[in-house]
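Enquirer: Quick one: the structure is below, and I'll ask about it shortly.
The values are calculated or read from the model by the stated rules, or taken from the named source; none is laboratory data. Just so it is clear, the model here is predicted, and its values are computed rather than measured. In this analysis, Cβ positions are derived from the backbone assuming ideal geometry, glycine residues included, and neighbour counts consider all displayed protein chains. Calculation scope for accessible area: heavy atoms of the full protein, side chains included, ligands and nucleic acids excluded. Shrake-Rupley method; radii C 1.70, N 1.55, O 1.52, S 1.80 Å.
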Amino acid sequence: MITIRSEKFEDFAAIYEVNKLAFGQEGEARLVDTIRQSDNFNSELSLVAIKAEKIVGYLLFSDIIIQAENKDMPALALAPIAVHPEFQNQGIGSQLIQQGLKDCQRLGHKIVVVVGHPHYYTRFGFSPARAQGLEAPFPVPDEAFMVLELAPAALEGITGMVKYPPAFDDV
């Protein structure tokens, strides 16, 4: 049985460890710590997966913008998502994403951007972002740069550059 909830202060060390183990390095773990201290952080969208009273997974959505010709459009970045290596391939990441997307919708967010494996994220409704008129601020294959509209026609008439906060520069 997996429980998913928003992070608490006492979870910080376990969240750091899950990210470090899942990615085999500390870049994503440090990213979470940096975003947590920024204006781009929303604790309701910083989710942990708990199994047998242990944090085994983590997911963060943070505020980003799409710099469109006429205006800046608010959006969210899904990054990182991590599952402890001992608990991978058990559906925990999928549960985190499904709950996280529901929470994003409940909070009124309309657009989520992710850079990741296309075969994984398309099952949640993500599609190529460049085909929707969005550009990444860094080199990334077309199929790995994806977007999801949480509200119908949220991207209608919107084209532009996705702008991540400086915290993402070091990952």
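Enquirer: Taking loop as defined by DSSP and a crowding limit of 10 other beta carbons within 10 Å, which GluC sites (Glu not before Pro) in region 49-95 fit?
Expert: On the way: sites: E53, E69, E86; in loops: E53, E69.
Passing both the DSSP loop test and the Cβ count: E53, E69.
Enquirer: Please list the non-local residues whose amide H lies under 5 Å from the amide H of L76, H modeled 1.01 Å from N, same-chain partners needing a gap of 5 or more.
Expert: I64, I111, V112, V113
Enquirer: Here is a follow-up. Here are several values of semi-axes √(5λ) of the Cα gyration tensor in Å: (1) 26, 16, 15; (2) 32, 19, 15; (3) 28, 17, 15. Which one was derived from the coordinates shown?
Expert: Answer label, from the structure shown: (1).
Enquirer: Continuing with the same structure: Only four residue types carry charge here, +1 at the Cβ of Lys and Arg and -1 at the Cβ of Asp and Glu. Report the dipole size of region 49-171 about the Cα centre in Debye, rounded to the nearest 20.
Expert: 380
Enquirer: So which lysines can K163 reach, going by Cα to Cα under 22 Å and dropping same-chain residues fewer than 8 places off?
Expert: Answer for K163, where 22 Å is the Cα cut-off: K71, K110, listed by chain and number.
Enquirer: Measure off, as a whole percent, the carbon and sulfur share of the 1.4 Å-probe accessible area of the chain, all protein chains present.
Expert: The nonpolar share, carbon plus sulfur, comes to 49 percent.
Enquirer: Just tell me which lysines come within less than 23 Å, Cα to Cα, of K20; anything on the same chain fewer than 8 places away is out.
Expert: The reachable lysines, counting only those whose Cα sits under 23 Å from K20, are K8, K51, K54.
Enquirer: Classify region 1-43 as rounded, prolate or oblate, taking a ≥ b ≥ c as the square roots of the eigenvalues of its Cα gyration tensor: rounded when a/c is under 1.5, otherwise prolate if a/b is larger than b/c and oblate if not.
Expert: Since a/c reaches 1.5 but b/c is at least a/b, the shape of region 1-43 is classed as oblate.
Enquirer: Right, something else. Rounding to the nearest 10 and keeping the result within 0 to 90°, find how far the Cα-based axis of helix 27-36 lies from the longest principal axis of the chain.
Expert: With both axes taken from Cα atoms, the answer is about 80 degrees.
Enquirer: Give me log10 I(q)/I(0) at q = 0.12, 0.14, 0.16 Å⁻¹ for region 60-135, Debye formula, one equal scatterer per alpha-carbon, no solvent.
Expert: Once normalised to I(0) and log-transformed, intensities are -0.37, -0.50, -0.64.
Enquirer: When ligands, DNA and RNA are left out and all protein chains stay put, how many square angstrom of accessible area per residue does the chain have with a 1.4 Å probe?
Expert: Values: 8720 Å² over 171 residues.
On a per-residue basis, 51 Å².
Enquirer: Could you tell me how far the Cα centroid of region 70-108 sits from the Cα centroid of region 34-48, in Å?
Expert: 12
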